[in-house]
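Here's the structure we're looking at; comments come further down.
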Amino acid sequence: MVDLRDEYRPEIQGLRAFAVLLVAVYHIWFGRVSGGVDVFLMLTGFFITGSLVRSYEKHGRLMPVVFLTRLSRRLVPTAAVVLLGIAVIAWLWMPWYRTHAVMSETLASALYYENWILAARTVDYLNRSDPVSPLQHFWSLSIQGQFYLVWIALMALVALVVKVVGGHLRKVAFAACALVLAVSLPYSIAATAENQTWAYFSTGTRMWEFALGGMLAMALPMIRIPVWIRFALGWIGVLSLIACGALFNVSDQFPGYIALWPVGAAILVILAGTTGKRWAVDRFLASGPMTALGDRSYALYLWHWPILVVYLYLNAERSASILGGLAVLALSLGAAFLTKWAVEDRVLPTRRRRFSRGKSVAVAAAFLVPVLGVASVAQAQLVERTERLDGKIDQALESGDVYLGAEALTDPELFAQLEDDDMPMIPPLAEIKDIPYYYDEGCDNQTRRVCAYGDLGGEHTIALVGASRIGHWFPAFEQAALDNGWRLLVFTKSSCQFSTGVLYDPGGEVYPECMEWNRWVMDQLELLRPDLAVTLSTRALEDGEQTYTGFVNRWHQLDHWGIDVLALRDLPRIGHYPEDCIGLHGVDACADEAAPSQAETDPALALANVPDNVHLADLTEYVCPEGTCPAAIGNILTYRDKSHITATYSATLAPFVEQTVLEATGW
């Protein structure tokens, strides 16, 4: 048997390196999350709990000021260098309206609350198609920063209990960590099931991972495992880590109970320890290259993501090629090694005696203050620019018919005149994500209530039913309803088609919530019996347009209840983020072909067994005239992302929607 109490564990440094390589590789080539960050969170709990307990055992007190100042001296300078680098890159190469968001997130990352910015933003599915932020990966550092404060308070409480009540310090600390685990893990499971996108970035849903690391730190000195078992544990742990990102869609399913997989795998590696066996995994993890990379894992984690984002942005790609990915990885490694050499080895030598608490704070501040200053000044300048643009738009709105949108398509002369005008587009690029306001009222996704708009006492009732790509028609139908005295009901759930059978989410997983929502909608439609249900007849995907038997089955069910159906052909998807393309190349250069997202002829016309209550309609010509989807029509931006039209442009489609409804119903 081998004692596992050694303070320095070279294989853990190798585990750090292995985890960060998994993070980088899965990000660069697979566009997936690996579970490597969960390893870092557990290791943080492991080391910080052990450090605080050893401090109390040695000095009789926790010394939180010493702990935090040393921590800030070790973590802040490297993070500040990366943040400053990202700010400079954004200023030089990104459009000003994206730079505004980067500067805001720079402040959030520097002050350790980036995770809450991302949690708030990703609560809404419609924002998940936004261009990724070069600072998105700072969410985990923000959670760690919040953890440090929580854990100091927790360990202070542990020390107080030991002092007042008595007991063994490590046993009480273990119990405290276990209590956090018992609260946080069930909460994580429940929150992930209820709202995974928010839970992913929440501190409370991740606290159990730190707690599990703390429990391991307290229990490890008492654990004795035969070497042959530890040999097996090491390999099981490493292979499980490799498999995690491949087996699970981590970004869509974590944290919850599935995060036990990578955390448990890392714990197995720690339990394996140093075996001394030639073919044991610790020989690989404790090797010179792996421990050297482990020393630079923090810098590599910080650099790899912004370098990848900039590469994808400048090359207008969604994923890296093999050679492009190798270039990203090489640049990331080079930046990590250079940062370690320049910052940690030259500016911050490891001999602690050279740094008092005051000097540690001064060093951290010397790196952090310039970042806060640059981001604040840049943000102020960008706000001023936004205000000037808003003023120009207001003047244009007062001057007359400048922002006509789809109406301009009815007059070729006017269309040409507006296209030549040097006017700012609306919505402004900084606010291009203008979604239909009913989303803000909770009338989508998990909400199980009937939302009514238009003329609530109208003679005729229209129901808008489907996913977000029927929801983006809401402004057009609402205006048409107001103009004609119709009542408009909204039944939408993002990423959920109005269809029968087994339904799947965007990740290809079975989507039981969507099927339950479909059943609820059918119950409501049977009860309310609207005169007309508006839904999609096709789905335009990135590589083609498809029809579904499940759509037709729904139409037959509505026919049985005497409900007419207006089935709209799905609009094409475009291949770029509008704000990025316009910022780099201008409005005129950002027109996309409707093909291949949309077929040459409407495939719904060839559907068999379509009931008589269905009227098929294709309004594509008002968004993508002559098979081309302009970035703007009538000085109004058409698409807000790659798959949804802006609410502002949708509202200008009201006359064409009205005409289509009247033709379908004879009202």
Given (1) out of contact with any Lys or Arg (no Cβ under 7 Å at 6 or more places or on another chain); (2) under 26 Å from residue 140 (Cα atoms); (3) open to solvent by 20 Å² or more (accessible area, probe 1.4 Å); (4) assigned to a helix (DSSP H, G or I), where does residue 177 come up short, assuming only one miss? (3)
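Within region 64-71, is there a residue that is of a type outside the set (Ser, Thr, Tyr), touching a residue at least 12 places away in the same chain (Cβ under 8 Å) and over 21 Å from residue 142 (Cα atoms)? Before the answer, list the steps.
Here is the first cut: in region 64-71, the ones of a type outside the set (Ser, Thr, Tyr) are 64-68, 70-71.
Going one step further and asking which of them are touching a residue at least 12 places away in the same chain (Cβ under 8 Å), we end up with 64-68, 70-71.
Retained after the next criterion (residues that are over 21 Å from residue 142 (Cα atoms)): none.
The answer is no; no qualifying residue exists.
Report yes if some residue within region 510-526 is at positive phi, at pLDDT below 90 and of a type outside the set (A, V, I, L, M); otherwise report no. Step through it out loud before you land on a result.
The first filter runs over region 510-526 and keeps only residues at positive phi, leaving none.
Looking for residues that are at positive phi, at pLDDT below 90 and of a type outside the set (A, V, I, L, M), one finds none in region 510-526, hence no.
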Taking the options 216, 233, name whichever one is under 13 Å from residue 270 (Cα atoms) and more than 32 Å from the chain's Cα centre (by Cα). 233
Out of (1) modelled with pLDDT under 90; (2) under 30 Å from residue 388 (Cβ atoms); (3) not small (Gly, Ala, Ser), what's the single condition that is false for residue 447? (2)
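Report, by residue number, each residue of region 637-656 that is under 19 Å from residue 483 (Cβ atoms) and either part of a strand (DSSP E or B) or touching a strand residue (DSSP E or B) at 6+ places or on another chain (Cβ under 7 Å) (or both). Give the steps one after another, and end with the answer.
Restricting attention to region 637-656, the residues satisfying the condition of being under 19 Å from residue 483 (Cβ atoms) are 647-656.
Within region 637-656, 648, 649, 652 qualify.
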Can you pull out every residue in region 18-59 that is open to solvent by 40 Å² or more (accessible area, probe 1.4 Å) and within 24 Å of residue 282 (Cβ to Cβ)? 21, 25, 47, 51, 54
Could you give every pair whose Cβ atoms fall below 9 Å, whose first residue belongs to region 100-117 and is more than 19 Å from residue 76 (Cβ to Cβ), and whose second residue is open to solvent by 10 Å² or more (accessible area, probe 1.4 Å) and of a type in the set (Lys, Arg), counting only separations of at least 6 or pairs across chains? 100/385
Flag for residue 153 being part of a helix (DSSP H, G or I) and without any contact (Cβ under 8 Å) to a residue 40 or more places away in the chain: yes
Select from region 451-475 the residues that are touching a residue at least 40 places away in the same chain (Cβ under 8 Å) and more than 29 Å from the chain's Cα centre (by Cα) and write down the one among them that is surrounded by the fewest Cβ atoms within 10 Å (Cβ to Cβ). 460
Any residue that is closer than 19 Å to residue 55 by Cβ, at pLDDT 90 or above and part of a loop (DSSP other than H, G, I, E, B) - is there at least one of those in region 132-144? no
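Inside region 210-259, can you point out the residues that are among the β-branched types (Val, Ile, Thr) and either closer than 26 Å to residue 182 by Cβ or open to solvent by 30 Å² or more (accessible area, probe 1.4 Å) (or both)?
223, 225, 227, 229, 236, 242, 250, 258 - these are the residues of region 210-259 that are among the β-branched types (Val, Ile, Thr) and either closer than 26 Å to residue 182 by Cβ or open to solvent by 30 Å² or more (accessible area, probe 1.4 Å) (or both).
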Among the residues of region 191-211, which ones are among the small types (Gly, Ala, Ser) and touching a Ser or Thr at 6+ places or on another chain (Cβ under 9 Å)? 191, 199, 202, 204, 211
Exactly one of 54, 70, 32, 16 is of a type outside the set (Val, Ile, Thr) and in a loop (DSSP other than H, G, I, E, B), and that residue is 32
Residue that is nearest to residue 622 (Cα to Cα), among those in region 640-667 that are in contact with a helix residue (DSSP H, G or I) (Cβ under 6 Å, 6 or more places away or on another chain) and acidic (Asp, Glu): 658
Evaluation of residue 209 against (1) farther than 20 Å from residue 22 by Cα; (2) touching a helix residue (DSSP H, G or I) at 6+ places or on another chain (Cβ under 8 Å); (3) in a helix (DSSP H, G or I); (4) at pLDDT 95 or above (one fails), failing number: (1)
Residue list for region 577-624, filter: more than 30 Å from residue 312 (Cβ to Cβ) and in a helix (DSSP H, G or I): 603, 604, 605, 606, 621, 622
Residue among 488, 503 that is touching a strand residue (DSSP E or B) at 6+ places or on another chain (Cβ under 9 Å), under 17 Å from residue 661 (Cβ atoms) and free of Cβ contacts under 8 Å to residues at least 60 places away in the same chain: 488
Can you work out which of the residues in region 4-13 that are at pLDDT below 90 and assigned to a helix (DSSP H, G or I) is most open to solvent (accessible area, probe 1.4 Å)? 10
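The values are calculated or read from the model by the stated rules, or taken from the named source; none is laboratory data. Note that this is a predicted model, so its numbers are computed, not measured. Note that we place each Cβ from the backbone using ideal geometry, even for glycine, and neighbour counts take in every protein chain shown. These accessible areas exclude ligands, DNA and RNA; they are computed on the full protein's heavy atoms, side chains included. Shrake-Rupley method; radii C 1.70, N 1.55, O 1.52, S 1.80 Å.
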